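For reference, the structure is listed below as structure tokens.
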Amino acid sequence: MVVTKTRSHQKLDTELHDKHTCPECNSTEIINDTSRGELICSNCGIVISERIMDNGPEWRAFTNDEREKRSRVGAPTTYTVHDKGLSTVIDWHDKDSFGKKLPPNRRAQIYRLRKWQIRTRVHSSIARNLVIAMNELDRLASQLGIPKSVKETSAVIYRRAIERRIIRGRSISAMVAAAIYAACRIRKVPRTLDEICSYTNIKRKELGRSYRLIVDNLNIHMPIASPIDYVSRFGEELELSGRVQQKVCELLEKAREHGLTAGKDPTGLAAACIYIVGIQEGERRTQREISKVAHVTEVTVRNRYKELVKKLKLKVEV
């Protein structure tokens, strides 16, 4: 039974709320009922405090997506914007807070305010560099289809490179692409140098040089690329079943135990194992199809295939 508190307890509300101690039985087992706005002692049942102010929002959210959509405090800070998203933005809709069109004289005034607001956001050479780099990062991330976490990691790597002053005299596009490749390696999201080069005007040699520059100067401990990381992506593009993809991972693990993966291109190994397991499980894909998805030559697939069959003594009916 819950007993409503008396007036003699009114003066102790603030103190008891801080200490969370019952004034009747000195119990510390206090229940905070947020739906009723009350503090209740679970031992004797007295209502210690009532009508507690709720400082949270008036809406409810059950997932992170709902919470982000319903929140009205602005966008969260992000490293993918040159000012981390902390500045204001005057949009181009030319409408007031009620959604009505602005009159011509007011529209011209807003245009001038917008122009100077954009100019004041970019006030240094580093900020100008970041504006160009983050736009390039958005474009590459969209075309490569990388997740948001990889994009944030890429932005952090590029910002660290600016702090170390290794961007000077080098192509911004090449350094951004190298940061994306490094972030993909760190987050174990498989993307090859050739894939990144296909969406830029950068040669593979220049991209590799920029990548090594970032890794050496920022002291990044890069994990070794595993061919297993490429299996799910290649399998989805080749429309292979989950059972075949699991068999491919098991074959790659077996090859690693026999020391056949050391010094070999992980994409070539993954492609060869997909070719072998596809034949064994009745989901055969041609070497041309696999090499096109894996961005390797048919010769590479064939050489890795022959080596695995010979060393592991596999039975494959071609």
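The values are calculated or read from the model by the stated rules, or taken from the named source; none is laboratory data. Just so it is clear, the structure is predicted and the values come from calculations on it, not from any experiment. Note: ideal-geometry Cβ built from the backbone for every residue, glycine included; neighbour counts use all protein chains shown.
Across the range 191-198, a minimum of one residue is classified as basic (K, R) and modelled with pLDDT under 90.
Taking (1) hydroxyl-bearing (S, T, Y); (2) loosely packed, with under 12 Cβ neighbours inside 10 Å; (3) within 23 Å of A141 (Cα to Cα) in turn, S35 satisfies each apart from (3).
In the set S125, S173, only one residue is in contact with a Ser or Thr (Cβ under 7 Å, 6 or more places away or on another chain) and hydroxyl-bearing (S, T, Y); that residue is S173. The residues of the range 233-275 that are surrounded by 16 or more Cβ atoms within 10 Å (Cβ to Cβ) and polar (S, T, N, Q), listed by number, are Q245, T261, T267. In summary, E58 fulfils each of the numbered conditions (1) part of a helix (DSSP H, G or I); (2) modelled with pLDDT under 85 with the single exception of condition (1). Restricted to the range 107-189, the set of helices (runs of 4 or more DSSP H) holding at least 1 residues that are without any contact (Cβ under 8 Å) to a residue 12 or more places away in the chain and not assigned by TED's automatic domain parsing to the domain that holds W92 comprises 125-144, 148-163.
Name the single residue, out of those in the range 49-100 being in contact (Cβ under 8 Å) with a residue 40 or more places away in the chain and over 29 Å from T153 (Cβ atoms), that is surrounded by the fewest Cβ atoms within 10 Å (Cβ to Cβ).
At the first step, the residues of the range 49-100 found to be in contact (Cβ under 8 Å) with a residue 40 or more places away in the chain are 49-50, 78-83.
If we keep only those that are over 29 Å from T153 (Cβ atoms) too, we end up with 49-50.
Numbers: S49: 19, E50: 15.
Top of the filtered list is E50.
Selection of first residues in the range 209-234 that are closer than 19 Å to D265 by Cβ and of second residues that are in a loop (DSSP other than H, G, I, E, B), restricted to Cβ pairs under 6 Å at least 6 apart or on distinct chains, gives the following pairs, ordered by first then second residue: V215/M222; D229/K188; D229/P190; Y230/P190; R233/P190. Just to be sure before I move on: is G282 surrounded by 20 or more Cβ atoms within 10 Å (Cβ to Cβ) and more than 18 Å from S226 (Cα to Cα) in the structure I sent? No: the conditions fail for G282.
Would you confirm whether any residue within the range 262-270 is more than 30 Å from M175 (Cβ to Cβ) and not hydroxyl-bearing (S, T, Y)?
Yes, there is a match, as at least one residue in the range 262-270 is more than 30 Å from M175 (Cβ to Cβ) and not hydroxyl-bearing (S, T, Y).
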